[in-house]
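The values are calculated or read from the model by the stated rules, or taken from the named source; none is laboratory data. Only a predicted model underlies this, so the values are computations on that prediction, with no experimental measurement involved. Reconstructed Cβ throughout: ideal geometry from the backbone, glycine too, with neighbour counts over all protein chains shown. What goes into the accessible areas is simple: the full protein's heavy atoms, side chains included, and nothing from ligands, DNA or RNA. Shrake-Rupley method; radii C 1.70, N 1.55, O 1.52, S 1.80 Å.
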Amino acid sequence: MSKRVLMVIAPQDYRDEELNEPREVFRKEGWDVDVVSTKVCKATGMLGATEPVTKTLADITPASYDAVVVVGGMGSPAHLWSNTELYDILKTLDGQGKVVSAICLSGAVLAKAGLLKDKKATVWEMPESLEALKQGGAVYTGEPVTVDGHIVTANGPEAATDFGKAVVAQVKSVVPA
């Protein structure tokens with residue numbers, strides 16, 4: 001049976017390669033990938049890519065996914081860090097033992113959602129993102145990709161492909177509750 005991955009991007013200033021490289025890894029596995037945002041729009045990446053967004057966070061059923069990926073970029077703090085609807089989706093999948101992941105600045109979303117307490121995690125280093133991890137009780141690793149159980153985090157665009165591969169490995173190894 002094909003796996004389904006939910007990728008969440010900011011409507012503007014998401015990091016292009018953090019969406020495209022993991023998505024390519026998932027598609028090579030034959031997996032279905034849905035990209036959603038906080039609004040229906042033509043989302044724009046920091047490097048100029050565009051992504052048609054036809055569904056919002058409110059339009060999806062979390063339980064129908066095997067993994068969620070929160071894409072980073074400079075739009076993440078403004079659009080995703082404080083999004084309680086996103087927190088609920090993340091908590092639902094986490095509670096089902098499914099893979100919950102974030103790359104770049106979006107690692108802070110997992111911390112703010114309460115999912116990183118006593119978990120190893122990494123993030124794009126900025127004072128605000130490091131503070132979010134600290135406040136969320138995470139054990140910051142500084143590694144390009146960190147896996148702790150069914151939670152996968154990565155520190156930025158250079159790690160995007162390896163991050164995608166780590167998510168695949170976790171989806172294949174985790175048996176949902």
Return the lysines within reach of LYS39: Cα separation strictly under 17 angstrom, same-chain partners fewer than 8 residues apart disregarded; answer none if there are no such residues. LYS55
Pairwise over distinct Cα atoms, reciprocal of the mean inverse distance: report the Kirkwood radius of region 21-177 in Å, one decimal place. 15.4
Averaged across orientations, what area in nm² does the convex hull of the alpha carbons in region 1-111 project? 6.1
Might you report the magnitude of the Cβ-based charge dipole of region 1-107 about its Cα centre, with Lys and Arg at +1 and Asp and Glu at -1, to the nearest 20 debye? 140
Structure shown: which of LYS91/LYS165; LYS119/LYS172; LYS119/LYS165; LYS3/LYS112; LYS91/LYS172; LYS28/LYS134 lie over 31 Å apart, alpha-carbon to alpha-carbon? LYS28/LYS134
To one decimal place, what orientation-averaged projected area in nm² is obtained for the convex hull of the Cα set of region 90-172? 4.5
On the Cα set of region 40-84, report Rg and Dmax in Å, please. 11.8, 32
State to the nearest 20 debye the size of the charge dipole of region 58-177 about its Cα centre, where the only charges are +1 on K and R beta carbons and -1 on D and E beta carbons. 260
In square angstrom, what is the accessible area per residue of region 93-141 with a 1.4 angstrom probe? 40
Quick one: putting +1 on the C-beta of Lys and Arg, -1 on the C-beta of Asp and Glu, what dipole do you get for region 1-47 around its Cα centre, in Debye to the nearest 20? 200
May I ask you to give the percent of accessible area on region 1-160 that is carbon plus sulfur, with a probe radius of 1.4 Å? 48
For region 138-177, build the convex hull from the C-alpha positions and give me its volume per residue in Å³. 63
